[in-house]
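One structure below.
Bear in mind these aren't lab numbers, they're just calculated from the coordinates by the rules spelled out. Just so it is clear, the model here is predicted, and its values are computed rather than measured. Glycine also receives a Cβ, built like all others from the backbone with ideal geometry; neighbour counts cover every protein chain displayed.
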Amino acid sequence: TLWESRYDRLHRAVTGADDAAAMDVVLSIKISSEMAGAKRLAELARSAQQRLAHSGAAELASMLAVFAACGRETMAYLLASLD
């Protein structure tokens, strides 16, 4: 459920063009992904962080679908590794 809430926060921040909220959630995704060893999701968040710093939250709209897919795949992988 953590992933879903983070993705929802990211989606709201991006669609609302809220740069501060978007940066907060992108950093949260990046740090938690790094801690979990989810390199692909962490790299995606790092890329979003750079884009956000240069262009603002609205520019992340094209990345939302990629975030959603990568997040779902990462969560499925992490949950499967617990079995």
Just checking, how many residues over segment 4-47 are in contact (Cβ under 8 Å) with a residue 24 or more places away in the chain and small (Gly, Ala, Ser)? 9
Of all residues in segment 61-83, which are touching a Phe, Trp or Tyr at 6+ places or on another chain (Cβ under 7 Å) and not aliphatic (A, V, I, L, M)? Phe67, Gly71
